[in-house]
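A.B. asks: I'd like to ask you about the structure that follows.
The values are calculated or read from the model by the stated rules, or taken from the named source; none is laboratory data. Remember, it's a predicted structure, so these values are computed and weren't measured experimentally. Quick reminder, even Gly has a Cβ in these numbers, built from the backbone with ideal geometry, and neighbours come from all protein chains shown. Note: areas computed on protein heavy atoms with side chains; ligands, DNA, RNA excluded. Shrake-Rupley method; radii C 1.70, N 1.55, O 1.52, S 1.80 Å.
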Amino acid sequence: MAIIQLFGVDIDVSFTVDKIKLFGVDVNVHDRDQTRNSYSPVRVNNNPTPIDHRTGKRKHRTVGGNEKKRPRVAEDSDDAPKIPAELLRVIERHQGVTEPIFLYQKNLKYSDATKIHNRLFVNKRDGFEKFLNDDEGMIVNHTTKGLEKIVCVDARGTSYNLGLKIWPSLNQLVITSEWFKLVNENGAQQGHRVQIWGYRDQMGRLRFAINFDN
């Protein structure tokens with residue numbers, strides 16, 4: 001009698017020939033070790049991930065051992081970054097009397113950093129809409145020119161005049177006027193991150209403070 005064990009069950013194959021074909025492989029039915037080794041493989045993980053004894057679950061393995069990756073800020077993230085200290089000092093020198101409010105950030109696209117376009121597309125309006133007063137909001141949303149000559153300062157202390165309006169054809173909020181001059185003089189390029197804060201001077205006038213981070 002010839003017995004093989006398949007998936008833990010003894011099977012009498014004495015009525016067959018010396019070899020049988022299982023899953024396309026010829027197997028000697030008289031060799032129990034061959035059958036067992038061929039169809040009962042045991043996979044051994046020589047480098048298992050450690051178990052977190054607090055949760056009973058295996059810990060997530062990171063590439064590069066214990067090296068931690070720098071967190072990446074998502075495109076157009078709403079998470080407010082910390083305003084640079086040098087930009088705060090510039091705001092104070094330009095008579096900023098209100099706490100700077102974070103409005104918007106994004107990674108510059110190609111068209112955001114070229115002279116021929118000279119504008120920044122603002123993909124999320126929420127920060128601006130909350131900061132503008134009623135009169136400013138009406139001008140931006142219901143006039144062709146929008147708000148003009150908004151004083152903007154950068155971390156170097158240089159001032160620029162910017163515009164803020166809606167492009168009707170795209171219903172898109174844009175920053176215009178001396179935008180490319182600001183980008184160019186700060187050495188900003190496609191892929192660099194622009195961060196915008198709003199504040200008001202002693203007369204209550206709208207002001208912007210902009211930082212570029214590469």
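A.B. asks: Here is a list of conditions, (1) at pLDDT 95 or above; (2) of a type in the set (Lys, Arg); (3) over 22 Å from ILE91 (Cα atoms), and LYS124 meets all of them except one; can you say which number that is?
C.D. replies: (1)
A.B. asks: I've got another one for you. Considering each of GLU185, GLU148 in turn, give the residue that is loosely packed, with under 14 Cβ neighbours inside 10 Å and of a type in the set (Asp, Glu). Can you show your working first?
C.D. replies: Working: GLU148 fails: loosely packed, with under 14 Cβ neighbours inside 10 Å.
Testing whether each residue is loosely packed, with under 14 Cβ neighbours inside 10 Å and of a type in the set (Asp, Glu) leaves just GLU185.
A.B. asks: Go through (1) out of contact with any Lys or Arg (no Cβ under 9 Å at 6 or more places or on another chain); (2) under 24 Å from VAL97 (Cα atoms); (3) in contact (Cβ under 8 Å) with a residue 60 or more places away in the chain for GLN189 and report which single condition fails.
C.D. replies: Evaluating GLN189 over (1) out of contact with any Lys or Arg (no Cβ under 9 Å at 6 or more places or on another chain); (2) under 24 Å from VAL97 (Cα atoms); (3) in contact (Cβ under 8 Å) with a residue 60 or more places away in the chain leaves (2) as the failure.
A.B. asks: Next question. Could you figure out which of (1) part of a strand (DSSP E or B); (2) within 20 Å of LYS130 (Cβ to Cβ); (3) not hydroxyl-bearing (Ser, Thr, Tyr) isn't true of GLY204?
C.D. replies: Tallying (1) part of a strand (DSSP E or B); (2) within 20 Å of LYS130 (Cβ to Cβ); (3) not hydroxyl-bearing (Ser, Thr, Tyr), GLY204 fails exactly one: (1).
A.B. asks: Could you tell me which residue of region 198-214 is nearest to ALA155 (Cα to Cα), considering only residues that are open to solvent by 10 Å² or more (accessible area, probe 1.4 Å), modelled with pLDDT of 95 or more and among the hydrophobic types (A, V, I, L, M, F, W, C)?
C.D. replies: PHE212
A.B. asks: Any residue at all in region 167-175 that's among the hydrophobic types (A, V, I, L, M, F, W, C), more than 21 Å from LYS109 (Cα to Cα), modelled with pLDDT under 95 and open to solvent by 40 Å² or more (accessible area, probe 1.4 Å)? Lay out the reasoning, then the answer.
C.D. replies: Filtering region 167-175 for residues among the hydrophobic types (A, V, I, L, M, F, W, C) gives 167, 170, 173-175.
From the residues that got through so far, the ones that are more than 21 Å from LYS109 (Cα to Cα) too are none.
No, region 167-175 has no match at all.
A.B. asks: Continuing with this model, one more query. Would you tally the residues in region 115-141 being under 23 Å from the mean Cα position of the chain (by Cα) and open to solvent by less than 90 Å² (accessible area, probe 1.4 Å)?
C.D. replies: 9
A.B. asks: A further question on this structure: Please go through (1) open to solvent by 90 Å² or more (accessible area, probe 1.4 Å); (2) touching a residue at least 24 places away in the same chain (Cβ under 8 Å) for LYS82 and return the number of the only condition it doesn't satisfy.
C.D. replies: It fails just one condition, (2).
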